[in-house]
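Heads up: the structure comes next, in structure tokens.
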Amino acid sequence: MRSLLIIRMENIICGPDQLESVVLPETLLEDNGYQASISVGADDVKPLLTKADAVVLDLPIEEITALEHILTHSRSIPMLWWCSPYTATSSVQACEIESAIDGILTPTMKEQELHWALHFAAKLCVERQQWHSERQQLVSRLEDRKWIDMAKGILADMKKISEAEAYDILRKKAMNDRKRLVDVATAIVKAHQLLQS
């Protein structure tokens, strides 16, 4: 992980006398051998995102959710928050915001700390992707189960048989038609609903 995209919504707001004491994420990253490109605003994020290994969000925590949708749907990439006096000024309630942040970087980090923070962020990003994929599979299975249970109930009621026997009928029909069980169940439920209306 060598190339990082830094996103900030606007330029740093501070006086010229404070600017010398401000450590910018690009300064810290470049001083430690990383390449940093900067995006000010959401407009130019997508083209720069294709070249980046990770994203550093240099903005207040409550502004992260606005960009999160763009980032997670464009490309799955580790997201780190730049925690500085200018981005950590929000209230305690902002910490309760759900976000896909994989790590935190601070202006006082040394080379090894920076390296490990980026390493663990990459690892957490992979785990987050796996959890998301597993969740989608579970939701899909629950949806399939719902259709199958409704079809079993319809068949059991119409044919005056047990649900176990209705399930066997569904399974045999799916095998004979070379279709998925849920597709046969969905067709039965929709046909029944059409006949009932």
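Would you tally the residues in the stretch 141-167 being open to solvent by 60 Å² or more (accessible area, probe 1.4 Å) and on the phi < 0 side of the Ramachandran plot? Result for the stretch 141-167: 14. Evaluation of Ala94 against the conditions (1) modelled with pLDDT of 80 or more; (2) touching a helix residue (DSSP H, G or I) at 6+ places or on another chain (Cβ under 7 Å); (3) surrounded by fewer than 18 Cβ atoms within 10 Å (Cβ to Cβ); (4) not in a loop (DSSP other than H, G, I, E, B) shows that the sole unmet condition is (1). Cβ-Cβ contacts under 6 Å between residues 6 or more apart (or on different chains), taken from a first residue in the stretch 152-165 that is over 13 Å from Ile188 (Cβ atoms) to a second residue that is open to solvent by less than 90 Å² (accessible area, probe 1.4 Å) and of a type in the set (A, V, I, L, M, F, W, C), are listed as Glu163/Ala156. In this entry, Ser74 passes the filter for residues that are among the hydroxyl-bearing types (Ser, Thr, Tyr), touching a helix residue (DSSP H, G or I) at 6+ places or on another chain (Cβ under 6 Å) and either under 25 Å from Arg2 (Cβ atoms) or modelled with pLDDT under 90 (or both). Here Ala100 meets each of (1) assigned to a helix (DSSP H, G or I); (2) of a type in the set (A, V, I, L, M, F, W, C); (3) under 30 Å from Val23 (Cα atoms) with one exception, condition (1). Checking every residue in the stretch 106-126 against the condition of being within 20 Å of Ile7 (Cβ to Cβ), outside any helix (DSSP H, G or I) and in contact (Cβ under 8 Å) with a residue 40 or more places away in the chain gives at least one match.
Within the stretch 56-90, the set of residues being in contact with a Pro (Cβ under 7 Å, 6 or more places away or on another chain), surrounded by 15 or more Cβ atoms within 10 Å (Cβ to Cβ), free of Cβ contacts under 8 Å to residues at least 60 places away in the same chain and of a type in the set (Ser, Thr, Tyr) comprises Thr87 only.
Can you pull out every residue in the stretch 39-55 that is β-branched (Val, Ile, Thr), open to solvent by less than 70 Å² (accessible area, probe 1.4 Å) and modelled with pLDDT of 80 or more?
Within the stretch 39-55, Val55 is the sole residue that qualifies.
The values are calculated or read from the model by the stated rules, or taken from the named source; none is laboratory data. Just so it is clear, the model here is predicted, and its values are computed rather than measured. FYI the Cβ positions are ideal-geometry reconstructions off the backbone, even for glycines, and counts take in every protein chain you see. Quick note on the areas: whole protein, heavy atoms, side chains included, nothing else; ligands and nucleic acids left out. Shrake-Rupley method; radii C 1.70, N 1.55, O 1.52, S 1.80 Å.
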